[in-house]
Amino acid sequence: MTYAAITGWGKCLPPAVLTNQDLGTFLDTDDEWIRSRTGMRERRISHVPVGELAYVAARRALAAAGLDPGELELVVFGTTTHDEQAPNMASGVQRRLGAWRAGAMDVNTACTSFLYGLSSATALIRSGVVKNALVIGAELISPFMDWKNRNVAVLFGDGAGAVVLQATDREEGVLAEKLGCDAEARDSLRIHGMGTRYADMTHRIGDTTWIFDGQDIFKRAVKAMSGACEDVLARRRLTPADVDLVVPHQANLRIIDAVAKRAGAPPEKVFVNIERYGNMSAATVVVALCEALEEGRVKPGATLLLPAFGAGLTWCAHLVRWGSRVTPVGTSDAELPPCSRTGLELVQEILARKVGAIGWPDPT
Ligand code: ACO
């Protein structure tokens with residue numbers, strides 16, 4: 001039997017920080033509201049394109065695995081925020097890595113994109129199509145944010161992470177997964193102004209209006225992630241006590257707490273970093289996984305539970321068995337170019353570039 005072990009991991013966070021206090025300088029909001037409703041204190045704003053964040057994370061993940069890019073057979077890029085409609089993002093990372101033997105594909109299921117990508121790559125390794133894969137979760141939300149809407153502007157941040165998967169006959173990597181989608185609720189989160197349906201409009205693509213029903217998403221997210229956790233544990237005949245660490249999607253601390261409670265996971269078994277990064281969509285779970293490793297929270301042979309949800313409303317949970325190595329084989333010298341601006345200055349630049357789109361037609 002072939003499995004797909006996670007052998008490398010790397011993250012890349014842009015250095016510019018946008019605090020809750022910064023948001024209060026141009027929105028009717030404050031630190032107390034944001035912290036008490038979401039658990040967030042600050043998030044990162046990128047000064048480089050999403051492909052750059054992903055490339056640095058990818059180099060770090062490959063170094064951690066000790067895998068030469070020339071040996072890579074597949075690049076999977078999970079994101080909602082592509083540089084361009086075509087070519088895809090994965091081919092850009094492939095070229096910069098010099099991974100000439102690899103296939104390259106993008107996956108877009110919003111915040112669950114990394115985990116859906118993990119499923120895709122695992123399946124291709126387990127079926128023998130490829131022997132290894134690089135799976136990226138990266139997001140550059142700041143240019144598409146509706147910065148005038150306090151309901152959403154306080155929630156998101158930019159970032160990237162990546163893992164390397166390699167074929168093994170040991171029972172490691174994804175042991176069970178459940179994928180789902182509440183498509184009847186797809187109008188709960190829409191970004192008007194991104195995508196080809198806006199090509200004939202007078203507004204510039206990128207001048208977005210976010211349609212967002214936070215309370216509906218909240219309730220559905222708790223229900224769907226809890227159900228998916230139960231499902232994957234039942235598939236392997238495991239109980240919550242068998243899980244060593246839950247590494248959930250970081251959209252709201254209250255959602256994480258509710259899911260953990262329902263999944264029977266005590267707080268010490270749940271990894272949380274939402275206070276520093278906010279919701280980085282496709283990047284949250286993979287960055288949290290990297291930080292759990294850095295902090296020694298993932299032990300050799302650990303059983304991990306990774307639940308997530310995103311626009312669509314897609315949802316999933318993955319049960320992962322970690323291998324014996326919890327430290328990187330090597331490190332990479334890849335770095336982002338320096339940034340001299342603050343998070344607030346970067347957001348002000350984005351705001352100045354937008355002409356302001358109001359009154360998108362109702363979606364059909
Ligand atoms: N600052 C101050 N007040 C605010 C803010 C803000 N940033 N945003 C909303 N409010 C106000 C509202 O206008 C409302 O005022 P009102 O009572 O006078 O009408 C009040 O605060 C309460 O708003 P609620 O929507 O009831 O607040 P709630 O407790 O539900 O929290 C939140 C809102 C944080 C958005 C929550 O519903 C949530 O986390 N939802 C899910 C998160 C989510 O959807 N994340 C993205 C999902 S998809 C993905 O991950 C890609």
Hey, rough spin-label estimate for Lys219 and Ser127, points 7 angstrom out along Cα→Cβ, what's it come to in nanometres? 3.8
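By how many nm would the segment from Asp169 to Asp242 grow when fully extended, if each residue of separation counts as 0.36 nm and the alpha-carbon distance is taken off? Mind dumping the intermediate values first?
Numbers: separation 73, 0.36 × 73 = 26.28 nm, distance 2.22 nm.
Stretched out fully, the Asp169 to Asp242 stretch lengthens by 24.1 nm.
Determine the gain in length on full extension of the stretch Arg101-Glu335; use 0.36 nm per residue of separation and subtract their C-alpha separation, reporting nm with one decimal.
On the way: separation 234, 0.36 × 234 = 84.24 nm, distance 2.44 nm.
Contour length minus Cα-Cα distance gives 81.8 nm.
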Per residue of the stretch 104-120, in order, report the coupling 6.51 cos²θ - 1.76 cosθ + 1.60 (Karplus, θ = phi - 60°) as ³J(HN,Hα) in whole Hz, putting x for Gly and Pro. 9, 9, 9, 10, 10, 10, 6, 5, 8, 4, 5, 6, 5, x, 4, 4, 4
Expressed as a whole number of Å, what is the distance separating the alpha-carbon centroids of the stretch 2-20 and the stretch 227-276? 19
HN-Hα J in Hz across the stretch 40-51 - Karplus 6.51, -1.76, 1.60, θ = phi - 60°, x for Gly and Pro: 8, 10, 7, 8, 9, 10, 8, 9, 10, x, 4, x
Furthest towards positive pole of dipole, Leu13, Thr25, Leu115, structure part the chain, Cβ charges: Leu115
Close lysine pairs (the stretch 3-355; alpha-carbon distance under 20 Å; 8 or more apart or on separate chains) counted at 10
The stretch 3-355 accessible area per residue, 1.4 Å probe, protein heavy atoms, integer Å², reads 40
Full-extension gain in nm, Gln85 to Asp257, via 0.36 nm per residue minus C-alpha separation: 58.3 nm
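For the stretch 306-355, which GluC sites (Glu not before Pro) pass both filters: DSSP loop (anything but H, G, I, E, B) and at most 12 other C-beta atoms within 10 Å? Intermediate values should be presented prior to the final figure.
On the way: sites: Glu335, Glu345, Glu349; in loops: Glu335.
Of the GluC sites (Glu not before Pro), the ones in loops of the stretch 306-355 whose Cβ has at most 12 other Cβ atoms within 10 Å are Glu335.
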Keeping the other protein chains in place, figure out the carbon and sulfur percent of the accessible area of the stretch 212-364, with a 1.4 Å probe. 53
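The values are calculated or read from the model by the stated rules, or taken from the named source; none is laboratory data. Since we're looking at a predicted model, the values are computed, not measured. Glycine also receives a Cβ, built like all others from the backbone with ideal geometry; neighbour counts cover every protein chain displayed. Please note that ligands, DNA and RNA were not included when accessible areas were found on the heavy atoms of the full protein model with its side chains. Shrake-Rupley method; radii C 1.70, N 1.55, O 1.52, S 1.80 Å.
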